[in-house]
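Reading through the structure tokens given below for one structure.
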Amino acid sequence: MSDCTSLELPFPHRRSPHQARAAAHHRLWLERHSRLAACTGELTYEHWDVAELASICYPECGAEELGLAADLLGFYFLFDDQFDTELGQHPSEVARICDRLTSVLHGAQPAAGSPAELAFADIWRRSRQAMPARWLARASYNWEWYFASHPAESAGRTFAELPDREGYMVLRRGTAAMETLFDMIERLGRFEIPPTVFHHPVLRQLRQLAADIPSFSNDVRSYPLEAPRGDVYNLVLIVQQERSCSAEEACAVVLGEAQLMVDRFAELRQQLPTAYHQLELDHEQRGAAQRYADGLAAWLAGYLRWEGHTGRYRVS
């Protein structure tokens, strides 16, 4: 519905020098967790360019960490796609699966017969290594939020009830899993952002914008795939209803809103030095805060670049 120049960012994407190594690592991970990818053809998966997405979204991390990022992204895609099948029409079954994953998150052993539990247990074990208690508490909450959002999405698909915009935003922010991806900025970089700046209004706004912009753009990209199968949690559908307009007009509106958010993101980045000064952060604290903010920008630039080229959202 749109091309790779749909949104204009004032900062470019960057690429990790470890992409090839991460891709090789990810292929081995997929072999170990082949049952998770059983419903996705190997050629189809290759066209998604998951290792490239990791490379341009986390360009500063080391080779081993980039391998973890690729595995994490692969898990998200493969786990989410299982609900695009008949399974996704049964909210109670979706809830059972997601509740089990939440249990694994909080210490339960993964079931040997569950590819999703085994894959997630591996990723969570590697993600939490040497991370402080505050990060673990936040990351656990964000993972639980992600898993717990899927049954409501399934119910919306099953009963074909188009949500209002507020309801859409609440659920989309859960199923998009962006907060878990932003937690990985710290994990992959092996640092921790000070809580005073993490919760500062400027950085909270930056984080929310960095989460919402890809969701808006993705709804436009995935609309041709989602609309025919009855997915109602897509902003293009909601705008169509709000404005009684065509899909093309609704896509333009959604992208226009996303561009305004991009512009606001750029404005807020310029306010960060003032926030650091007002909080009286020392040199080390400023460095950690800036690394996190730069990580948000890298994710945003990398994702939008990847989304415009990946085969994942192409209609065959």
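Read the figures in this text as sums done on the coordinates, not as results from a lab. If you're wondering where the values come from, they're calculated on a predicted model, not measured in any experiment. Every residue, glycine as well, gets a Cβ built from its backbone with ideal geometry; the counts of neighbours run over all protein chains shown.
Brief remarks follow.
- Peptides 264-274, 66-76, 193-203 ordered by packing proxy, namely the average of other Cβ atoms within 10 Å per residue, highest first: 66-76, 193-203, 264-274.
- Rounded to the nearest 20 debye, the dipole magnitude of the chain is 720 debye, with +1 charges on Lys and Arg beta carbons, -1 on Asp and Glu beta carbons, and the Cα centre as origin.
- Residue (of Tyr292, Ser222, Thr175) at the positive-pole extreme of the chain, dipole from beta-carbon charges: Tyr292
- Of the residues Gly113, Pro195, Leu206, the one whose Cα sits farthest towards the positive end of the charge dipole of the range 97-232 is Pro195 (charges of +1 on Lys and Arg Cβ, -1 on Asp and Glu Cβ, taken about the Cα centre).
- Taking every alpha-carbon pair under 8 Å whose residues sit at least 6 apart, the chain reaches a relative contact order of 27 percent.
- In the chain, Rg over Rh equals 0.95, where Rg is the alpha-carbon radius of gyration and Rh the Kirkwood radius from pairwise Cα distances.
- Percent of Cα pairs in the range 132-178 per distance bin of 5 Å, from zero to the largest separation: 5, 21, 25, 21, 12, 8, 5, 3, 1.
- Among Ser154, Leu30, Tyr76 the positive-end extreme of the charge dipole of the chain (Cβ point charges): Leu30
- Its Kirkwood hydrodynamic radius, worked out from the mean inverse distance over all distinct Cα pairs, puts the range 81-170 at 14.3 Å.
- Here the relative contact order of the range 76-225, from alpha carbon pairs under 8 Å that lie six or more residues apart, stands at 24 percent.
- Helical content of the chain, expressed as a calculated mean residue ellipticity at 222 nm, amounts to -23500 deg cm²/dmol (DSSP H runs of 4 or more residues, -39,500 (n - 2.57) each, divided by residue number, nearest 500).
- Mean-position separation - Cα centroids, the range 85-120 and the range 201-273, in angstrom: 29
- Student exercise, the range 175-237 dipole from Lys, Arg, Asp, Glu Cβ charges, in Debye to nearest 20: 100
- D (Stokes-Einstein, µm²/s), Kirkwood Cα radius, the range 128-242, 1.002 mPa s at 20 °C: 138
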